[in-house]
Amino acid sequence: MRLSSLSASALAAALVAAAAVLAFSQLPTLFVWAAFIGWASYDQSGATAQAARRSSAALLFGVLMAWLVAMIVAVRLLPLNTPIATAVVAGIASFLIVQASRAALFSVVPATFYGFASTFAYLSLSTGRLAIEAMTSTSWANALLSVSVSLLIGTGLGIAHSRLACVLAGYRGGSARLGGSNSTPASAPGET
């Protein structure tokens, strides 16, 4: 029995999500919420090999930009109080993020902001992570490492979801559409 595209995609999403939550429960230094953001970014970007590259590069660029903002504020590079310094540097970073979208690799601006926001969520909601020692460590406490790896695992989850949906729908040369369309798509996951 072959499933419709929507049913195949829904079942694949359920299986991949359940496996991800279970796996991340054993990995306390990585974040399932960030992985789901990486997965969504991959899907939103088109669920192709090119989407995986561009979304992943943009996610990592966002992590780096947020980390740089946090470092500039933490070392008190600007003679301003913390909220104002953060606002100014985040504004400059946002300008640079949009300007960087001229480069094809960084053209998925929403993905860059997903990485940026994910990093700030981690830094601001986790005790001690905004400290210079944590942000420059080579441990999982460093957002550059823990958030980046979590987001990239999410891209892998997106790829797994798309491929599993194909298998469940019985497609050989196409992929199950993620947005609810029941029509046969033009390309397989991983194709550009």
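Residues that are buried (at least 21 other Cβ atoms within 10 Å of the Cβ) and in a loop (DSSP other than H, G, I, E, B) are absent from the range 58-72.
Of note, S9 satisfies the criterion of being part of a helix (DSSP H, G or I), buried (at least 17 other Cβ atoms within 10 Å of the Cβ), among the hydroxyl-bearing types (S, T, Y) and more than 15 Å from the chain's Cα centre (by Cα). A Cβ distance below 6 Å, combined with a sequence gap of six or more or placement on separate chains, defines the contacts here; from the range 119-146, residues that are surrounded by fewer than 17 Cβ atoms within 10 Å (Cβ to Cβ) reach residues that are of a type in the set (S, T, Y) in the pairs W140/T29; W140/S146.
Residue check: L123 meets all listed conditions (1) among the aliphatic types (A, V, I, L, M); (2) out of contact with any Phe, Trp or Tyr (no Cβ under 9 Å at 6 or more places or on another chain); (3) modelled with pLDDT under 95 but one, namely (2). Residues to consider are A51, A23, A47; find the one that is closer than 16 Å to L164 by Cβ, modelled with pLDDT under 95 and small (G, A, S). Checking each option against the conditions leaves just A47.
Considering every residue within the range 20-35, establish whether at least one is within 14 Å of the chain's Cα centre (by Cα), under 23 Å from Q99 (Cβ atoms) and in a loop (DSSP other than H, G, I, E, B). No; the residues of the range 20-35 include none that is within 14 Å of the chain's Cα centre (by Cα), under 23 Å from Q99 (Cβ atoms) and in a loop (DSSP other than H, G, I, E, B). Across the range 123-155, the number of residues qualifying as among the β-branched types (V, I, T) and farther than 27 Å from R53 by Cβ comes to 3.
If you go through the range 88-103 and keep only what is surrounded by 12 or more Cβ atoms within 10 Å (Cβ to Cβ) and in a helix (DSSP H, G or I), you end up with V88, V89, A90, I92, A93, S94, L96, I97, V98, A100. Inspect the range 104-118 for any residue being without any contact (Cβ under 8 Å) to a residue 40 or more places away in the chain and crowded, with 19+ Cβ neighbours inside 10 Å and give the result as yes or no. So far as the range 104-118 goes, no, none of its residues is without any contact (Cβ under 8 Å) to a residue 40 or more places away in the chain and crowded, with 19+ Cβ neighbours inside 10 Å. Restricting attention to the range 172-183, which residues are surrounded by 19 or more Cβ atoms within 10 Å (Cβ to Cβ) and either modelled with pLDDT of 50 or more or of a type outside the set (D, E, K, R) (or both)? S175, A176, L178, listed by residue number. Residues that are in a helix (DSSP H, G or I), among the β-branched types (V, I, T) and in contact (Cβ under 8 Å) with a residue 60 or more places away in the chain occur at least once in the range 36-57.
The values are calculated or read from the model by the stated rules, or taken from the named source; none is laboratory data. Keep in mind that this is a model prediction, so the values were computed, not measured. With ideal geometry, Cβ positions are generated from the backbone for all residues, glycine too; neighbour counts draw on all protein chains shown.
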